[in-house]
Amino acid sequence: MTTIPKALEELVTRSQFIGADQTLVVFGGGNTSAKGEITDHLGRKKTVLWVKGSGADMTNAVAVDYPALYLEELLSLKQFEKLSDEEMTDLVGKALVDPNSRRPSIETLLHAFLPSKHIDHVHADAICALTNHKGGKKAVAEALGDGFAYVDWIRPGFELSKFSSQFSDMEGIVLAHHGLIVWDENSDVCKDKTMSAVNKANKYLDSLAVKPAAKFDHAGPSDQELNDLLLALRGKLSHKHKRVLTIDNRLQEISKRKDLPAIAEAGSSSADHMLRIRPWSAVLPEKADPTNSIPVIDKYVDRYTKYFEANKSLLPQGYSMHDPDPRVVLLPGVGSITTGSSKNEGKMLADIAFHTHSVAGKVLDSFGSADTIGDAEVFGFDYWPMELYKLSSKPKPQKFAGHVFVVTGAGSGIGRGIALELAAQGASLVLADLGDEGLKETEKLIAASKGLKPEFVVGDQTKESVVIETLNSAIKNFGGFDGVVMSAGIGVSDSLETLTLDKWNQGLAVNLSSSFLITKHAMINLRKQGIGGSLVYIASKNAFSPGAGFGGYSVSKAGMLQLMRIAAIEGGSAQIRANAINPDAIFDNSKLWEGGIREQRAAAHGVKPEELEDFYASRNMLKVHVTSKDVALTTSYLLSDESSRTTGSVIAVDGGVAAAFPR
Ligand SMILES: [Zn+2]
């Protein structure tokens, strides 16, 4: 291990401090640097620039996020008149001390061409608020004094770096619609200069701010109204790719303003925000409902398509339009609704939207009207080849990215196996079970395989209120759902002559009536969402091939198959599919065999309890043990579009039992 040079260490510490404050930088925005000496691989003393890697997030900055580049090599690039982004990236890459290190920021030369040892470049909200209107230059001079240079919008790259270098004898530079650059020989002083400029900007803005124009006064939507709206929106926004919707209330105050459309029109606070959240956000009407909201999305798509058509001549050959749906939808009285392949992505977009729209609100309050970069410049950034390159090198999305499924009985056995499989394929999940102990264990296993954090509903699924709560959890947390797996179940043993009515009723309640309630409410919601859905019933080999002494169970599972068929018939017109799986003898993590059932089934087959697994395996045609993973893979197939032409069917996952062949 080599020791980390002091300047680099100071840079990392300073970057963590800056990264912790989202009003300075959000998700990979901004960059910091330091200059210092190293002894290179040939033993030569060399001056290098450490600069933040492209896309690295300062919040958790570590030394490897800051590749070292030979400063002399970088400075020699100043001789060029012009460099395209590609040429510049290529030449900057050649100056890396270690060619295998992280790709350095696109703004590397900005840091190289300014001579100071420590440099901060942040996309601070307050600085952007100073510049995002027609009088930006004057406001910056009044807020920060005349020590700061003001540079009108130039897209980050060679030209901006070279132009900015002429101001090295000033206190710092404000880049309009972009951010701030300050520098010092001392790392702490550099950080203080950043904070001081931002504080001055905030003070100035506060001194000008007038109360926003009138707010509308109706209360936000009721829970039911919000559910219906989310379902309709998710359906609308998931036609091509399934999406998760994330609600965030931080913009609630702003969303109540009458001038909300003007705020959305003001554009990104710092240009790099638009790469994540699009150049504008969609604004739903006051008292939004499905009927008046869907046309807003249509209009947005229409506008985005026209903007692309008008500017596409600026695009290099071979690139097509981004998907034209909004990433951020502003809902009056509530805040923002963001779309993504997971809640994590939705939250990240909500963070960016919060800063971008808060800045716009501040600009309107302080200066009356906003001004942003022109459409062609917006397009130049939205379709920046550097970013398009990043998109093209992204890994293929997982099979269930953006998909939402509800799984009952997910705390053990087959339900847990299904949850693990769906999570491994990128699904967002609502997991339900009677107690939370099993669910927590399932969550741990999902986390260990890097799946998305699931939502839990703990409760008795034979109660209608719990069923409704479970499905509402999917709507509230993810905007809706694409499928439900009914896996909760209990074994009901005893011969008919000894079976009590209570036990019989309990079996029906857990295995059948609960499935009816889930089916009923899932179908109501899926119909509102309007993009179909898949219901998967975990029945049993016993539904077709019952055995003595297990009647209460077999009858309930046979009833489940009939329920599935009716759901297929009634749901077909809404593209809702319903299918069942008949597993047999699944033992891994299963609670079904507890409470004496294992012993009773073993006695019924004339074997010892510990021989039961092997007995079942010897009984099937393939002579195999059947596991929850086998059922999970079939479930995954039935939930996916791979089975889009299959409804009303039963698939046996039992190793082959002739008496239980579907018929
Ligand atoms: Zn920047």
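Could you tell me how many of the residues in the stretch 268-295 are surrounded by fewer than 22 Cβ atoms within 10 Å (Cβ to Cβ), within 16 Å of the ligand (Cβ to nearest atom) and more than 21 Å from the chain's Cα centre (by Cα)? Total satisfying the criteria: 0. Checking each residue in the stretch 379-417 for being hydrophobic (A, V, I, L, M, F, W, C), open to solvent by 10 Å² or more (accessible area, probe 1.4 Å) and over 24 Å from the mean Cα position of the chain (by Cα) picks out only 414. Summed over the stretch 17-56, the residues that are of a type in the set (A, V, I, L, M), buried (at least 22 other Cβ atoms within 10 Å of the Cβ) and assigned to a loop (DSSP other than H, G, I, E, B) give a count of 4. Scanning the stretch 615-638 for residues that are closer than 18 Å to residue 661 by Cβ, open to solvent by 10 Å² or more (accessible area, probe 1.4 Å), among the hydrophobic types (A, V, I, L, M, F, W, C) and not in a loop (DSSP other than H, G, I, E, B) returns a single hit, 626. Looking only at the stretch 345-381, which residues are hydroxyl-bearing (Ser, Thr, Tyr), farther than 26 Å from residue 244 by Cα and in a helix (DSSP H, G or I)? Of everything in the stretch 345-381, just one residue is hydroxyl-bearing (Ser, Thr, Tyr), farther than 26 Å from residue 244 by Cα and in a helix (DSSP H, G or I), namely 366.
Just name the residue that is most open to solvent (accessible area, probe 1.4 Å) out of those in the stretch 546-599 that are of a type in the set (D, E, K, R) and within 17 Å of residue 619 (Cβ to Cβ). Result: 598.
Within the stretch 64-78, one or more residues are assigned to a loop (DSSP other than H, G, I, E, B) and buried (at least 19 other Cβ atoms within 10 Å of the Cβ).
The residues listed here are 125, 146; of these, the one that is open to solvent by 10 Å² or more (accessible area, probe 1.4 Å) and away from the ligand (no atom under 14 Å from the Cβ) is 146. For the stretch 149-169, the candidate set comprises residues that are away from the ligand (no atom under 15 Å from the Cβ) and part of a loop (DSSP other than H, G, I, E, B); within that set, the residue that is surrounded by the fewest Cβ atoms within 10 Å (Cβ to Cβ) is 169.
Among residues of the stretch 301-326 that are closer than 13 Å to residue 382 by Cβ and in contact (Cβ under 8 Å) with a residue 24 or more places away in the chain, those with a Cβ under 6 angstrom from a residue that is of a type in the set (Ser, Thr, Tyr) and exposed (fewer than 13 other Cβ atoms within 10 Å of the Cβ), sequence gap 6+ or separate chain, pair up as 324/305. Checked against the criterion of being at pLDDT below 95, more than 21 Å from the chain's Cα centre (by Cα) and away from the ligand (no atom under 16 Å from the Cβ), the candidates 262, 201 yield just one match: 262.
Look at the stretch 212-225: where a residue is over 16 Å from residue 247 (Cβ atoms) and among the charged types (D, E, K, R) and a partner is open to solvent by less than 70 Å² (accessible area, probe 1.4 Å) and outside any helix (DSSP H, G or I), sitting 6+ places away or on another chain with Cβ atoms under 8 Å, you get 215/256; 215/257. Restricting 582, 589 to those that are farther than 15 Å from residue 518 by Cβ and at pLDDT below 95 reduces the list to 589.
Here's a check for you: in the stretch 81-122, which residue that is over 24 Å from residue 36 (Cβ atoms) and in a loop (DSSP other than H, G, I, E, B) is farthest from the ligand (Cβ to nearest atom)? The selected residue is 81.
The values are calculated or read from the model by the stated rules, or taken from the named source; none is laboratory data. Since this is a predicted model, take the numbers as computed values, not measurements. Backbone-built Cβ (ideal geometry, glycine too); neighbour counts: all protein chains shown. Quick note on the areas: whole protein, heavy atoms, side chains included, nothing else; ligands and nucleic acids left out. Shrake-Rupley method; radii C 1.70, N 1.55, O 1.52, S 1.80 Å.
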